[in-house]
Structures are given as structure tokens and as C-alpha cells.
Amino acid sequence: MNPSSSGWIKKFETLINSVHFKTETFKDIYNLYISCGFVYGFSHKTILNIDGEQELAQEEIEKLNFLTSLYNVYRIKHKTSGFNKFVLSLLLYFEKIDVFELSLWDKFIAGKDPYQQLERVFNEHIQIDSNVITKHFNKKTTNSLLFIDVLAYYNFLNEKVDLVTYYKDIEYIIVNITNDVYSFKKEKEKEKKTTLQSISNSFLFQNATIGKVDLKYRRLIETKFNINEKKYFLDVAALTIWEPIFEDDISFNFLNALGTDMNVSNDLIKLSIEQMADFYNTAKDAKLFKKSHLLNNFYDNASELVIRLIKRNSKRIIKELSQSKELMVLLSQSTVRELTKVEQEKVQFQLLDILKTIPSLAIFLLPGGAILLPIFAKLIPNLLPTAFDDNKIDK
């Protein structure tokens, strides 16, 4: 499955039919997704091991975890795995929060297919910068606060809140928590803490100014939110103030004070610190915890993209050739005997498939080929050989 190409959500539906989910409560979902890093905005693995054939990019991992977490929320609410109804429900949720509208091009690509529409919404929602050039200059191309959608979707299904107001309230608390953290940090630590900027770039409704704190948030944080939301606030605070080695007690005291203001137990505060330590030890080499020069970041991201494309397409070409072995046998046999009707159809199909490979590869070699290929695939659905379709559903 390839979350960067069309049809991946439909493919996801076919794959999860064989998955046994162990999450029965929202707390189960939360613990599962904090263990993989999704709650912190940087997943170091996918929750569902449904595709071991190829290496996934960071954005693709986030897409898979985002969809899986939302599906789990729907499943525990409705006690059912009706995927089509889930897709329609999710489209309605995104319509309710009304944070973006599909462009005419997106509507042309997606048409009236709800699965295609949801893919376009994910593409818009998960990328901080949708510009295909400038997004490579960003530290992270994925939204750091995607878990807000999991919280909001859960409330949407329970019909408890006005979604836009709820979303704004959650972001308001996070704005002030991160700015409160920022006010505690020393100058040398401020330079190293790229997480604050990453979070501020991810807001949908708030226009955050780093460093400005509205202290009223401390009074609201206890009474207006439930335990799931308070745990998320604690974890965001732990991420933004985290240091591998605490030089003093400022960070620890800040988390304790925040927990006290929220009226949560000391055990929950301790758990947030322990989970953050586990996440750091697992993902400390990730870009999230590194500071790099803008130009170096561009080259790193571009190199990763090229390497990933080469790996994926080399496997596909090899697969395409291996699928053609039968063709060579049938062609050789056709010189000494007449092929059956079924064999003739196989020869015709496989010859056509191989011929398709040539224009496909030619498109890749063109400037901007990676952008042009999906367009050709939309306009001429049968352009690509079958082995190149990661999201093809076997019937």
C-alpha cells in the first residue's frame, strides 16, 4: 500500500478486515498512539503492520496512523467496522470544522467518490506547507497537532460540542502552554527548541505569537476539559519542555505545577514524564530533536525522496519483469504449437503491460515527473503497468 498515491484508503479498507483490534476505550487508543509517537506529532512506526514490502516516508506513516486512530475512535463508538459509513462520517467531520475547501483541481481528481475526497482532504490537512517546492525547506511537513482531530472527532461522534469552538479552545490551551514553556527556557535552550515553532506552525485557528502568555488559561484548564484532554495537554508540555538531562528542577516543576492546576494525580504527571522519556530514547535521532541549517534540511529531504523513489521503482520494475516470465515461455511455445485462447489472452495482456512500462518510466525522467505521473494516471487510468499499482485490490 502506498499512502502517497490514489486508492490507498480503499486498499486500507481491504487490509483491516483481517486485523483484530484490541482497543476498546479511548484510553486504550491514547496509550497505543503515544507509544508510537503519533500523539507527539512524530510517529516512529505504524501501528498496523499491514505493509512490509516498502519503506514509508514520514508523511505516509502519519497518514496511516491518523486514519487508523480515527477509525478506532469510530469503531469503539459504534461497535462496528462499517468502513464506508466511517468514511462518510469523517468527511462530515472535516466539513464541520470548515478549515479548508477542496480546490477545483482536487474536486476534479476526487470526483464524487468519498474515498478519493477523503484522500484529498488528508493531503491538505497533514501537510503544513502544501507547496511542493517549499515544503522541502520545512523542518517537518506533517501537522504536529493531528491528535487534536482525534479528540475532536471523538466529541463529534458523541455530539457533545460545537466543533469549531472546541477546536479553538484546545488550541488556545496549547498556545499558552507552549508559550509558558518558552518563557521558562534560557536563551541557549530557546535556539535548540525547534518543537515550539513546529507546534505553532500547526495551528488551524490560532494566530500564535511565540512568547505571549494569557495566564487565564491556568484557570480554564481545570474546569473546562476532561481527563483525556488534560493528559494530552500534559504530554504536549512534556514534549515542549523536554531535555535529555535536566540541568535544574525548572522543567520538572513546570510539569508538576501544570498538573496541579489541572487537578490531575501525581501518577498521571509521572506517567507523562516516563512516556516522554521512552519516546525520546526511541526517536532521539529523528529530525524533531535536531536543529539543522535550512539549506541542509532541503538537501536531506530531497535526497530521502530520491532514494525512496529509486527503491520503490526498482522493486516494481523487477516485479514487472518477473511477472513476464510466463510470457517468454508462451512466446517460445507458440513457435511449435498453436496457443489456446486463454494463453493468447495472457500473451496479449502481458505484452501490453510491458509496453506500458516505457511511457511510465519516460514520465519519471521528465522534469517534475513525480508530479506529472499522478495526472497521467488520472487522465488515462490504464497507463501504468499492474506491478506499479501499490493500491491495487486483488479480487
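Every read-out reported here was derived from the displayed coordinates using simple, explicitly stated rules and does not represent laboratory data. This structure is a prediction, so every number in the text was calculated from the model and none was measured. Don't worry about glycine lacking a Cβ; one is built from the backbone with ideal geometry, like all the others, and counts go over all protein chains shown.
With 27 Å as the limit, write out which pairs from Lys85/Lys346; Lys77/Lys230; Lys85/Lys224; Lys10/Lys224; Lys63/Lys346; Lys96/Lys230 have Cα-Cα distances beyond it, or answer none. Walk me through the intermediate numbers first.
Values: Lys85/Lys346 38 Å; Lys77/Lys230 21 Å; Lys85/Lys224 31 Å; Lys10/Lys224 38 Å; Lys63/Lys346 37 Å; Lys96/Lys230 24 Å.
Flagged as over cut-off: Lys85/Lys346; Lys85/Lys224; Lys10/Lys224; Lys63/Lys346.
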* To do: List Thr240, Thr46 from most exposed to least, where exposure is judged by having the fewest other Cβ atoms within 10 Å.
  => Thr46, Thr240
* **Spherically averaged projected area in nm², based on the convex hull that wraps the Cα atoms of region 1-97** => 6.4 nm²
